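The values are calculated or read from the model by the stated rules, or taken from the named source; none is laboratory data. Note that this is a predicted model, so its numbers are computed, not measured. Positions of Cβ are generated from backbone atoms using ideal geometry, with glycine treated the same way; all protein chains shown enter the neighbour counts.
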Amino acid sequence: MSFTKLTTSQTQFLESFLRGTGRELTSVQAKAQFGIQNLRARMTDIRQANLVVKTRVNYAGRTAYSITARDTNGSRARVFSD
């Protein structure tokens with residue numbers, strides 16, 4: 001198992017990795033690829049920052065998260081910037 005070392009905060013990373021890209025991420029993938037232990041908590045943080053987080057249950061029965069390009073106000077501006 002290999003981890004990617006994150007040099008930004010997890011919320012910053014998830015915003016740039018998922019927002020508006022059409023990608024989805026499950027908690028198992030987040031843990032295996034990026035070392036993010038609690039993806040659900042990070043998605044809650046992102047929701048509280050007024051970003052639109054979509055969820056769906058994938059074929060394996062796991063929740064997959066994605067983030068739309070626009071926030072709840074219609075803006076595409078980055079929320080978790082450096």
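Key figures
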| read-out | value |
| --- | --- |
| Verdict on ARG56 being on the phi < 0 side of the Ramachandran plot, loosely packed, with under 11 Cβ neighbours inside 10 Å and modelled with pLDDT of 90 or more | yes |
| Unique residue being among the charged types (D, E, K, R) and surrounded by fewer than 16 Cβ atoms within 10 Å (Cβ to Cβ) when the list is ARG23, ARG19 | ARG23 |
| The lone exception for LEU39 - which of (1) at positive phi; (2) in contact with a Ser or Thr (Cβ under 6 Å, 6 or more places away or on another chain); (3) surrounded by 13 or more Cβ atoms within 10 Å (Cβ to Cβ) it fails | (1) |
| Residue pairs meeting the criteria (Cβ under 7 Å; at least 6 apart or on separate chains; first under 14 Å from ALA64 (Cα atoms), in region 16-45; second of a type in the set (Val, Ile, Thr)) | LEU18/ILE67; ARG19/ILE67; THR26/THR63; ALA30/ILE36; ARG42/THR11; ARG42/ILE36; MET43/VAL53 |
| Test: SER81 is within 18 Å of GLN10 (Cα to Cα), modelled with pLDDT under 95 and either in a strand (DSSP E or B) or among the hydroxyl-bearing types (Ser, Thr, Tyr) (or both) | yes |
